[in-house]
1. Students often get this wrong: which residues of the stretch 30-54 have the backbone nitrogen under 13 Å from the point 7 angstrom along Cα-to-C-beta of residue 64?
2. Using per-residue counts of other Cβ atoms within 10 Å, averaged over each peptide, order 46-55, 13-22 from highest down.
3. Hey, with R₀ at 22 Å, roughly what FRET efficiency would residue 43 and residue 10 work out to, going by the Cβ-Cβ distance, to 0.05?
4. I'm spelling it out carefully: the read-out is Kirkwood radius over Cα pairs in Å, the candidates are (1) 18.5; (2) 12.3; (3) 13.6, and one was derived from this structure. Which label?
5. How far is helix 51-64 tilted, in degrees, relative to the longest principal axis of the Cα atoms in the chain, given as a value from 0 to 90 rounded to the nearest 10?
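Please treat every number below as a calculation from the coordinates, not as lab data. Predicted, not measured: the structure shown is a model, and the values here were computed from it. As a convention, Cβ positions derive from the backbone with ideal geometry for all residues, glycine included, and neighbour counts pool all protein chains shown.
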């Protein structure tokens with residue numbers, strides 16, 4: 001699990017987003033990412049199950065007082 005890199009600071013994260021995407025066109029995974037202006041979106045966690053990124057996202061967004069948005 002990666003919350004940020006050496007360039008992205010917690011204060012720069014505008015919100016967290018989660019949603020489903022396909023890497024190879026067949027296997028669908030759920031992702032939790034950071035969302036920040038001027039920075040790449042960083043993947044925090046991925047899972048085949050929606051429950052894991054959703055719960056982790058709710059906990060992290062509550063602790064950091066940020067929104068959690070579904071894409």
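1. In the stretch 30-54, the label zone of residue 64 (backbone N under 13 Å from the point 7 Å along Cα→Cβ) covers 32-37, 39-45.
2. Values: 46-55: 14.2, 13-22: 16.1.
Most protected by this proxy first, the peptides run 13-22, 46-55.
3. Working: r = 16 Å, r/R0 = 0.75.
E between residue 43 and residue 10, to the nearest 0.05, is 0.85.
4. It is the value labelled (2).
5. The helix 51-64 is inclined about 10 degrees to the chain.
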